[in-house]
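Chemist: Structure incoming, see below.
We did not get these values from a lab; they are worked out from the coordinates using the rules stated. All values derive from a computational prediction rather than experimental measurement. Cβ: placed from backbone, ideal geometry, glycine included. Neighbour counts: every protein chain shown.
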Amino acid sequence: MSPTPNNPEEAEAAGREVINDLVSGGLCLALASGLAVVHYSQAGRLHDDFNRDPGPALLPVILLAALALAGAGLGLRGWIALAKARAFPPLALHTAWPAGLAVLLMASFLPLREVIGAAIALPLICGALAVLAGRGEAARWPVTAALGEATGLALYGLFHFGLSVPL
Amino acid sequence: MKKTLSLAAAMALSAFASGAVAQSFPESPITWVVNWPAGGGQDTTSRLVADRLSDVLGVPVVVENYDGAGGLTGMRELANADPDGYTIGMLGSSSIIQQYTTDEPVMMDQLQVLSFFGPDPGALTVGADTPYETLDDYVAAVKEAPGDVPNGNDPPGGASYISAAIMESSLGLELNKIPYAGYAPTVTALLGGEVQSATVPLPQVLEHAASGDVRILGVMAGSPHFLAPDVPTFAAQGYDVLAGDFRAVVGPAGMPADVAATLSEALVEVLSSAEFVEAANAAGYMIEPLGAEEATARIEAFDAQVYPVLEAAELVTNPK
Amino acid sequence: MTQDLLATIFADLFTFSMIGLALLGVVLGLVFGALPGVSSTMALAVMLPFTYGMETAPAMVLMLAVFFSSVYAGSVSAILLNIPGTPGAMITLLDGHAMARKGEAAEAMAYALIASIFGGIIGWILLVALAPTIAGYALRFGSPEYAAVVLFGLALVAYASSGDTLRGLAAGAIGLIVGLVGRDQITDVPRFTFGTADLQGGIDIIPLAIGLFGVAEVLVLMTRPKSEMSEIPETRARTWPRWRSLRAELPTALRASTIGTFVGAIPAAGSAVAVALAYACEKRLSKTPEKFGTGLPRGVVAPEAANNACVGGALIPMMTLGIPGDSITAVLIGVLLLHGLRPGPGLFESQPDLIVTIYGALFVAIILTALVAGAIGIPVYRKILKIPQRILTAAVLILCLLGAYAVRNAVVDVWVAIFFGTLGFAFIKLNIPVLPLAFGAVLGPLLEENLRRTLVIHGDVGVFFERPISLVLVCLSFAILLVPLALSALSFLRRRPRRHSGL
């Protein structure tokens with residue numbers, strides 16, 4: 001974020017940082033205000049007076065304030081720098097799809113476990129993840145899937161039988 | 001996995017007459033749920049029982065630790081299990097208290113009591129360099145300076161907190177109850193002099209009393225503790241205080257009557273055997289084998305005693 | 001004592017059956033400990049049923065062998081896969097995994113092993129020689145001192161995590177808020193649990209770290225364009241570091257081991273605090289602090305020496321006071337209880353043989369870990385990187401799921417790992433440091449609990465300045481926090497500074 005970027009690459013990197021500042025500032029402010037609503041609307045003993053103890057409600061307020069402050073600072077810094085930024089990197093949200101798909105696959109483990117059991121769910125998910133990770137590589141996908149499923153089964157066996165984890 | 005197994009079991013059940021299966025109970029391993037991590041009192045006692053229970057029943061009894069949410073994770077695992085007798089577990093007084101003090105609690109009517117394990121009575125212990133030589137000294141000092149004498153105990157709702165609260169309400173005292181996360185830090189604080197007294201169960205401080213670092217002033221039970229027969233009860237010193245933790249074995253509600261009876265009988269048999277009592281006593285645990293009915297009555301009596309204390313401490317968020 | 005100890009080690013422990021048992025324990029510890037989420041506690045719990053039928057001495061030999069070797073093995077998944085299996089390994093992965101990415105995985109594991117053994121032996125020597133003294137000091141560590149040392153740790157971490165101040169502050173605040181989730185330790189009031197029972201026990205740190213470091217790293221790897229996607233380079237032939245470079249790490253290892261033993265001896269402080277203190281201390285003393293995090297062997301030596309010195313440290317309150325310093329020693333006390341023994345001050349008089357056996361067994365466990373891990377462990381572990389990338393990636397994500405669940409058999413922990421994996425991914429993409437979040441979540445609850453307990457006992461914060469230990473620590477913390485802040489504020493006033501952002 002030096003004031004006078006010399007080449008397009010540096011300018012783009014500076015632009016990326018400006019966007020990062022704006023996005024993370026916005027997220028921090030949103031998180032802080034959302035949690036503040038949760039905190040202040042909580043019933044029960046949270047906001048009681050506890051004599052010598054400052055009480056369980058004090059630290060959350062301090063931390064939410066710190067988070068909001070950091071968020072505001074980031075947003076402000078981004079906003080100030082926005083005017084000076086010369087170039088922005090192309091928004092590349094679409095490149096995140098493999099990560100999103102991987103998260104969805106992982107998240108499917110718990111519901112799948114309820115329906116078909118972990119012994120079948122884990123190899124299926126592991127196979128799918130292996131195919132996802134190996135996309136574009138020379139290896140043929142059915143082979144990758146089979147290898148992944150075998151790995152998943154082996155890991156299941158290790159935790160279930162070796163460590164007697166109740167999966 | 002568990003679900004697929006139970007599905008298979010259900011299909012097998014529909015094929016045969018249901019009575020025939022119950023008669024041959026148990027025919028596969030039994031899971032014993034412990035709602036605290038490995039190494040604690042609940043875990044040690046559970047393993048002592050489970051090891052011998054598998055000899056009596058002839059199938060493995062596997063201890064599984066479900067730690068988390070102050071013991072609630074394990075209780076939910078237990079309450080939500082199939083009531084077929086293949087999932088049982090141990091609970092303590094905290095599970096009774098949690099019914100009234102937590103969100104989404106597991107209520108006792110979701111569980112079925114199989115047997116009583118034994119009490120773990122509270123005791124009052126003071127540091128060796130405090131001026132309190134007897135219980136009388138202590139009570140007089142606390143009455144003189146209400147809210148000033150620091151007492152180490154669990155966070156509100158924990159067993160040693162309830163013991164302190166019962167002592168306060170029975171004797172009209174007011175302590176400065178300092179919460180610690182479990183018995184280990186409480187005893188550390190007592191030894192280090194950060195608190196003057198503590199209401200942890202007697203086995204926790206026995207060794208330190210023997211070495212002269214602390215003095216045990218009284219036991220909150222009907223009779224002296226077997227590990228320290230010289231320590232008098234509160235009642236023997238003229239103070240009417242009965243408090244402490246206990247342990248009981250339970251399963252999910254709705255178990256077939258004959259399955260529950262088989263388990264209950266096997267448990268009482270294990271708990272009554274001389275070899276088991278010796279091992280449990282050596283580890284510091286008091287044994288009082290009671291069948292399902294008497295155990296239920298004991299738990300209800302505890303419930304009736306503790307609810308007003310929780311109400312007075314304004315801890316109840318989920319009223320009866 | 002010394003003679004008894006030597007006699008015990010050579011006469012009783014160097015028997016065929018005892019060495020066999022210890023060997024079995026070490027091998028199992030090296031396998032279990034290397035699995036993420038399978039902490040030493042869990043490895044011990046798995047072995048617990050096998051000790052029922054044993055005598056006390058062999059049971060302790062087996063358990064201590066599993067204990068020590070699994071603590072070392074916790075560094076393996078941190079270095080190879082960027083998954084911290086234990087809170088202590090959260091720091092090891094910063095430089096350890098950076099070394100692995102440079103193709104120096106075997107060397108990193110060797111540094112970790114040597115540091116672990118060194119830390120283990122220092123911890124063992126202090127345990128044998130000074131246990132009652134150190135236990136006495138640990139008892140004087142009341143709530144004010146405890147709060148002060150955690151504050152000191154947080155200050156050091158804030159200092160040690162490089163990068164942008166504002167983003168670090170945001171990450172730290174989020175971490176501390178994560179630490180608030182669950183029932184408050186002082187009043188038992190739930191906070192940020194959203195009315196659910198699952199969050200009442202708080203967010204466990206291991207699933208959090210598995211997500212934040214392990215899952216997030218793999219997700220970033222997955223989104224990399226094909227052209228940039230490279231296999232981890234072939235491991236260099238060299239495994240064992242040169243003697244000269246090892247000797248340069250000796251002061252670091254000594255400092256870290258001492259910190260580890262003393263912090264480990266304070267009940268409930270735990271290895272995370274020790275490791276954070278050791279790493280931050282080395283970074284503060286280093287002439288090239290900016291190189292930490294880029295694959296510096298010192299960044300592996302410091303946390304690993306501290307982490308394993310904690311083993312000896314944690315045994316100190318257990319042996320002398322009968323108080324478990326952490327969940328691992330709680331299991332060991334459980335073993336003793338099941339054998340009808342009650343650890344505590346009386347054990348030294350009533351069972352001196354057993355004390356000597358336990359000390360001897362820990363020594364044998366350390367030596368066997370060195371031999372087995374060095375001869376078999378590292379060569380086998382490094383084969384993990386030979387697995388094709390696509391299979392390894394899938395296996396790591398599955399391991400993260402299983403490891404998170406296995407910590408305490410709780411379904412909610414799987415969601416925690418997935419959630420923090422996504423959050424960590426977002427942090428990396430937004431160039432926000434993740435370390436302040438992780439340490440805020442570890443240290444925040446300890447700080448709040450002890451600070452408020454201090455207030456409940458003593459009435460006001462003045463007590464911090466009346467007690468020598470807390471006075472020194474609080475002053476040091478403020479110095480560490482305020483001096484760089486003042487400097488950066490100064491340089492900001494002198495027109496805009498040049499910023500280097502990074503993790």
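Chemist: If Lys and Arg each add +1 and Asp and Glu each add -1, what is the summed charge of the other residues whose beta carbon sits under 15 Å from the beta carbon of C:Asp198? Can you show the working numbers first?
Modeler: Details: positive: B:Arg76, C:Arg183, C:Arg191, C:Arg408; negative: B:Asp67, B:Glu77, B:Asp103, B:Glu104, C:Asp204, C:Asp413.
The answer is -2.
Chemist: Treating the beta-carbon of each Lys and Arg as +1 and of each Asp and Glu as -1, no other charges, what is the dipole magnitude of the protein assembly as shown about its Cα centre, to the nearest 20 debye? Could the numbers behind the result be given before it?
Modeler: On the way: 54 positive and 79 negative charges, 1134 e Å.
Result for the protein assembly as shown is approximately 5440 debye, rounded to the nearest 20.
Chemist: For segment A:95-162, what does the relative contact order come out to in percent, with C-alpha contacts under 8 Å and a separation of six or more?
Modeler: On the way: 58 pairs, mean separation 21.2, N = 68.
Relative contact order here is 31 percent.
Chemist: Tell me, what is the percent relative contact order of segment C:95-235, built from C-alpha pairs under 8 Å that lie six or more residues apart? If you can, show how the numbers build up before the last one.
Modeler: Working: 58 pairs, mean separation 37.4, N = 141.
Here the relative contact order equals 26 percent.
Chemist: Quick one: what Rg and Dmax do you get for chain B from the alpha carbons, in Å?
Modeler: Considering chain B through its Cα atoms, Rg and Dmax are 20.8, 73 Å.
Chemist: Helix B:159-171 versus the longest principal axis of chain B: what is the Cα-based angle in degrees, 0 to 90, to the nearest 10?
Modeler: In chain B, helix B:159-171 runs at an angle near 50 degrees to the longest axis.
Chemist: Separate question: Wrap a convex hull around the Cα atoms of segment A:8-84, take a quarter of its surface area, and give that in square nanometres. Display every interim value, and only then the final one.
Modeler: Values: hull surface 23.9 nm².
Convex hull of Cα atoms, orientation-averaged projection: 6.0 nm².
Chemist: Calculate the dipole size of chain B relative to its Cα centre from +1 charges on Lys and Arg beta carbons and -1 charges on Asp and Glu beta carbons; express the result in debye to the nearest 20. Don't skip to the answer; put the middle values down first.
Modeler: Details: 11 positive and 40 negative charges, 120 e Å.
My answer is approximately 580 debye.
Chemist: Taking the Cα centre of chain C as the origin and placing charges on Cβ (Lys, Arg +1; Asp, Glu -1), which of C:Pro352, C:Pro58, C:Ala98 is farthest toward the positive end of the dipole?
Modeler: Comparing the listed Cα positions along the dipole, C:Ala98 ranks first.
Chemist: Provide a whole-number value for the mean count of partner chain Cβ atoms within 10 Å of the Cβ atoms in peptide C:43-50. Write out the running numbers ahead of the final one.
Modeler: Numbers: counts 1, 2, 10, 5, 0, 6, 7, 0.
The shielding value for this peptide is 4.
Chemist: Specify the inter-centroid distance of segment B:162-191 and segment A:36-108, based on alpha-carbon positions, in whole Å.
Modeler: 38 Å
Chemist: Same structure, new question: Could you tell me which of C:Ala404, B:Thr87, C:Pro289 has its Cα farthest along the dipole of the protein assembly as shown towards the positive end, charges placed at Cβ (Lys, Arg +1; Asp, Glu -1), taken about the Cα centre?
Modeler: C:Pro289
Chemist: A further question on this structure: In whole Å, largest first, what are the principal axis extents of the Cα atoms in segment C:76-233?
Modeler: For segment C:76-233, the Cα spread along each principal axis is 58, 49, 32 Å.
Chemist: I would also like to ask the following. Ranked by Cβ crowding within 10 angstrom, fewest neighbours first, how are C:Cys475, C:Cys400 ordered? Intermediate values should be presented prior to the final figure.
Modeler: Numbers: C:Cys475 14, C:Cys400 29.
Final ranking by Cβ density, sparse to dense: C:Cys475, C:Cys400.
Chemist: Report, as an integer, the average count of C-beta atoms from other chains found within 10 Å of each Cβ along A:135-148. Don't skip to the answer; put the middle values down first.
Modeler: Values: counts 3, 4, 5, 0, 3, 0, 1, 0, 0, 4, 1, 0, 6, 6.
Partner Cβ neighbours, averaged per residue: 2.
Chemist: Would you mind checking which residues have amide H under 5 Å from B:Gly218's amide H? H placed 1.01 Å from N; only 5 or more apart, or other chain.
Modeler: Those lying under 5 Å, H to H, from B:Gly218 are B:Leu124.
Chemist: Against the longest principal axis of chain B, how steep is helix B:292-312, in degrees 0 to 90 to the nearest 10, with axes from Cα atoms?
Modeler: 40 degrees
Chemist: For the residues B:Ser264, C:Ser70, B:Ser223, what sequence is obtained by ranking on other C-beta atoms within 10 Å, fewest first?
Modeler: Values: B:Ser264 22, C:Ser70 30, B:Ser223 11.
Ascending number of Cβ neighbours within 10 Å: B:Ser223, B:Ser264, C:Ser70.
Chemist: Still on this structure: Can you give me the span-like helices of chain A, meaning DSSP H runs with 18 Å or more of Cα extent along the axis and Kyte-Doolittle mean at or above 0.5?
Modeler: On the way: long enough: A:8-41 (49 Å, 0.53); A:58-84 (40 Å, 1.76); A:118-133 (22 Å, 2.48); A:141-157 (24 Å, 0.76).
Membrane-span-like by this rule: A:8-41, A:58-84, A:118-133, A:141-157.
Chemist: Just add up the charged neighbours of C:Leu451: K/R +1, D/E -1, any other residue whose Cβ is under 15 Å from the Cβ of C:Leu451.
Modeler: On the way: positive: A:Arg52, C:Arg452, C:Arg453, C:Arg467; negative: A:Asp53, B:Glu194, C:Glu145, C:Asp184, C:Glu448, C:Glu449, C:Asp460.
With Lys, Arg at +1 and Asp, Glu at -1, the net is -3.
Chemist: Now for a different question. Based on the Cβ-Cβ distance of A:Leu58 and C:Ser488, what FRET efficiency does E = 1/(1 + (r/R0)^6) give at R0 = 30 Å, to the nearest 0.05? Before the final figure, lay out each step's value.
Modeler: On the way: r = 28 Å, r/R0 = 0.93.
After rounding, the FRET efficiency stands at 0.60.
Chemist: If the viscosity is 0.692 mPa s and the temperature 37 °C, what Stokes-Einstein diffusion coefficient in µm²/s follows for segment B:33-150 when Rh is the Kirkwood radius over Cα pairs? Before the final figure, lay out the partial values.
Modeler: Working: Rh = 17.1 Å.
Translational D for this selection: 192 µm²/s.
Chemist: A follow-up question, please. Once the Cα atoms of helix B:257-272 and of chain B are each reduced to a long axis, what angle between those two axes, in degrees from 0 to 90 to the nearest 10, is obtained?
Modeler: That works out to roughly 50 degrees.
Chemist: Something else now. Sorted by packing (mean other beta-carbon atoms within 10 Å per residue), highest first, where do B:230-236, B:143-149, B:284-290, A:133-139 land? Could you put the intermediate results ahead of the total?
Modeler: On the way: B:230-236: 17.0, B:143-149: 13.1, B:284-290: 20.4, A:133-139: 15.1.
Order by mean packing, descending: B:284-290, B:230-236, A:133-139, B:143-149.
Chemist: Find which of C:Ala148, C:Leu476, C:Gly88 sits farthest along the positive direction of the dipole of chain C, computed with +1 on the beta-carbon of Lys and Arg, -1 on that of Asp and Glu, about the Cα centre.
Modeler: With unit charges placed on the Cβ atoms, the residue in question is C:Leu476.
Chemist: Oh, and also: Please report the projected area of the protein assembly as shown's Cα convex hull averaged over all directions, in nm². Could you put the intermediate results ahead of the total?
Modeler: Values: hull surface 160.3 nm².
Computing the convex hull of the Cα atoms and averaging its projections yields 40.1 nm².
Chemist: Can you give the relative contact order of chain A as a percent, counting alpha carbon pairs under 8 Å and 6+ residues apart?
Modeler: Working: 150 pairs, mean separation 36.6, N = 167.
Reported relative contact order: 22 percent.
Chemist: While we're on this one: What's the longest bit of chain C with no exposed chymotrypsin sites (Phe, Trp or Tyr not before Pro), using DSSP loop states and at most 16 other Cβ atoms within 10 Å as the test?
Modeler: On the way: sites that count: C:Phe14, C:Tyr52, C:Phe194.
My reading of the result: C:195-503 is the longest stretch.
Chemist: I need the per residue convex hull volume for segment A:95-162, using only the alpha carbons, in cubic angstrom as a whole number.
Modeler: Working: hull volume 5.3 nm³, N = 68.
Roughly 78 Å³ of hull volume per residue.
Chemist: Among the listed pairs B:Lys143/B:Lys320; B:Lys143/B:Lys177; A:Lys84/C:Lys291; C:Lys102/C:Lys291; C:Lys291/C:Lys429, give every one whose C-alpha distance is greater than 25 Å. Mind dumping the intermediate values first?
Modeler: On the way: B:Lys143/B:Lys320 32 Å; B:Lys143/B:Lys177 15 Å; A:Lys84/C:Lys291 32 Å; C:Lys102/C:Lys291 14 Å; C:Lys291/C:Lys429 22 Å.
Beyond 25 Å between Cα atoms: B:Lys143/B:Lys320; A:Lys84/C:Lys291.
Chemist: Using the Cα centre as the reference, give the magnitude of the dipole from point charges on the C-beta atoms of segment B:123-237 (Lys, Arg: +1; Asp, Glu: -1; all else neutral), rounded to the nearest 20 debye.
Modeler: Values: 3 positive and 13 negative charges, 56 e Å.
Charge dipole, segment B:123-237, about its Cα centre: 260 debye, nearest 20.
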